[in-house]
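Novice: My questions will all concern the structure given below.
The values are calculated or read from the model by the stated rules, or taken from the named source; none is laboratory data. From a predicted model like this one, the values you see are computed outputs, not experimental measurements. Here the Cβ positions follow ideal geometry from the backbone for every residue, glycine too, while neighbour counts run over all protein chains shown. Heads up: the accessible areas ignore ligands, DNA and RNA and are worked out on the full protein's heavy atoms, side chains in. Shrake-Rupley method; radii C 1.70, N 1.55, O 1.52, S 1.80 Å.
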Amino acid sequence: MEDAARPGEDEFRALACSEGGATVLERRSPQVPGPGEVLVSLRVCGLCGTDVFKLAAANQPPGTVLGHEVVAVVDECGAGVEGFSRGQRVVVAHHVSCGECTYCRTGSETMCSSFRENQLEPGGFSEKIIVREAAVHSAMRAIPDTMSDETAVFLEPAACVLRGVRRSGIAAGGSALVLGGGSMGLLHLLVLKAAFPSARVGIVELLKERRQLAGALGADFACEPAGAKAAVDSISSGEGVDAVFDTAGGRGALESCLELGRRGSTVVLFAHAEAGEQAGFELNRLFREERRVVGSYSGSVKDQAAAWELMLSGALDASVLVSARLGLDHFDKALELVCSRQALKVLMEPGKGEVK
């Protein structure tokens, strides 16, 4: 990341993409919210695996500001905004569907063209952010004093996870396996246990410390890949689990998931594969055993609302997954921690600061 001078009194800093997947802190001009919009000051923004994926692909136009897991404070409300006021802490998601198209009417809201539009300008890794009218209306929530920033920041990723959980068909008393014990894998564990407290959930993960954390967070087992089959058998009478959630990605992971689910089970793909990567499983296995493979890309407004209710109730608190808080000045360090698997969730904040 390149350095930039401190902004003037009315300017703000934004972490922008530059050539080759690099980033630079840019100074930008003041923003004024339009009708229905809200100007906020960033408190924290989570570094998501999607952000890392986009930077590694080096395919973002220069000037693009990533970041979408936002907790902020309201600075100014545009004309017509109701329910929010200066000084409130808020959490906001960046995607909102139209609610009227074929995709929205048939439950595929995350495929809606409007859903692909970023409702945060310029993006979450910015000291100042304009929240567009659609997000103010449907995807921004005031944070109660009893909830920390570290808890609230998981609203958007928790909604994404909850959508996949719902699409899996798992029910109370069911069984599930999560492939991968990173931040999203462990968030799957927490969401599953919050939504279905009686469900049996296992984690497959290479790193010992992450397996230990999974156990502390309520996993019924946490094992290395080599022990997955035996562990699954122990909670499923040898039949396999009801649902397998792939947070690792790729052909090999999918094939492992198919081996660990029972007949009639669902595999939920919740991770990027390499560009152009093809699956290679036997089609008759899906047909004869009535298995399902579904993708789960993001979280709709309804999923956001449901995740928020779990958080408000206290059933879901993922703040334990926060490994570090770093200033925007230290974005390269944040990337290093995540890519080297030294950290789970890293939060970016406006001020300068080393690892906390």
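Novice: Calculate, axis by axis, the spread of Cα positions in segment 265-356 along the three principal axes, and write the results as whole Å, longest axis first.
Specialist: 57, 36, 21
Novice: If the only charges are +1 at each Lys and Arg Cβ and -1 at each Asp and Glu Cβ, what is the size of the charge dipole of segment 289-342 around the Cα centre, to the nearest 20 debye?
Specialist: 40
Novice: Next up: Need one value: the accessible area of residue 98 in square angstrom, 1.4 angstrom probe, rounded to the nearest 10.
Specialist: Here the accessible area works out near 60 Å².
Novice: Another question, then. Enumerate by residue number the GluC sites (Glu not before Pro) in segment 293-356 meeting two conditions: DSSP loop (anything except H, G, I, E, B), and at most 13 other Cβ atoms within 10 Å of the site's Cβ.
Specialist: Hits after loop and neighbour filter: 354.
Novice: Could you list which residues have their amide H under 5 Å from that of residue 244, counting only those 5 or more apart in sequence or on another chain, with H placed in the peptide plane?
Specialist: 177, 266, 267, 268
Novice: Quick one: Debye curve from the C-alpha atoms of segment 8-91, no solvent, what's log10 I(q)/I(0) at q = 0.23 Å⁻¹?
Specialist: Computed log10 I(q)/I(0) values: -1.13.
Novice: Tell me the label-point distance for the pair residue 312, residue 287, using the 7 Å Cα-to-Cβ offset, in nm and rounded to one decimal.
Specialist: 4.9
Novice: Please give the charge dipole size of the chain, origin at the Cα centre, charges +1 on K and R Cβ atoms and -1 on D and E Cβ atoms. Round to the nearest 20 debye.
Specialist: The dipole of the chain has a size of about 880 debye.
Novice: Do you know the relative contact order of the chain, to the nearest whole percent, from alpha carbon pairs under 8 angstrom that are 6+ apart?
Specialist: Relative contact order, the chain: 16 percent.
Novice: Report ³J(HN,Hα) in whole Hz for each residue of segment 265-276, in order, from the Karplus equation J = 6.51 cos²θ - 1.76 cosθ + 1.60 where θ = phi - 60°; Gly and Pro get x.
Specialist: 7, 10, 9, 9, 7, 10, 7, 6, 9, 5, 4, x
Novice: So, taking all protein chains as they sit and a 1.4 Å probe, how much accessible area belongs to residue 147, in Å² rounded to tens?
Specialist: 10
Novice: Please name which of 159, 216, 248 has its Cα lying farthest along the dipole of the chain towards the positive end, using unit charges on Cβ (Lys, Arg +1; Asp, Glu -1) and the Cα centre as origin.
Specialist: 216
Novice: Can you show me the helix-derived [θ] at 222 nm for the chain, built from DSSP H runs with n ≥ 4 at -39,500 (n - 2.57) apiece and divided by the number of residues, rounded to the nearest 500.
Specialist: The helix contribution divided over the chain gives -8500 deg cm²/dmol.
Novice: For the chain, take the convex hull of the Cα atoms, compute a quarter of its surface area, and give me that in nm², please.
Specialist: Average of the hull's projected areas for the chain equals 18.0 nm².
Novice: Considering only protein heavy atoms and a 1.4 Å probe, what is the carbon-and-sulfur percentage of the accessible area of the chain?
Specialist: Exposed carbon and sulfur together represent 48 percent of the surface.
Novice: Taking the Cα centroid of segment 292-326 and of segment 134-208, what is the distance between the two, rounded to the nearest whole Å?
Specialist: First find each Cα centre; the distance between them is then 4 Å.
Novice: Say each of residue 230 and residue 19 gets a label point 7 Å from the Cα, pointing the same way as Cα to Cβ; how far apart are those two points in nm?
Specialist: Roughly 5.4 nm, to one decimal.
Novice: To continue, here is another question. Charges on Cβ only, +1 for Lys and Arg, -1 for Asp and Glu, centred on the Cα centroid of segment 30-119; of 36, 88, 65, which one is farthest towards the dipole's positive end?
Specialist: 65
Novice: Taking a 1.4 Å probe, which of 208, 345, 193 shows the most accessible area, and what order do the others take after it?
Specialist: Sorted by accessible area, descending: 208, 193, 345.
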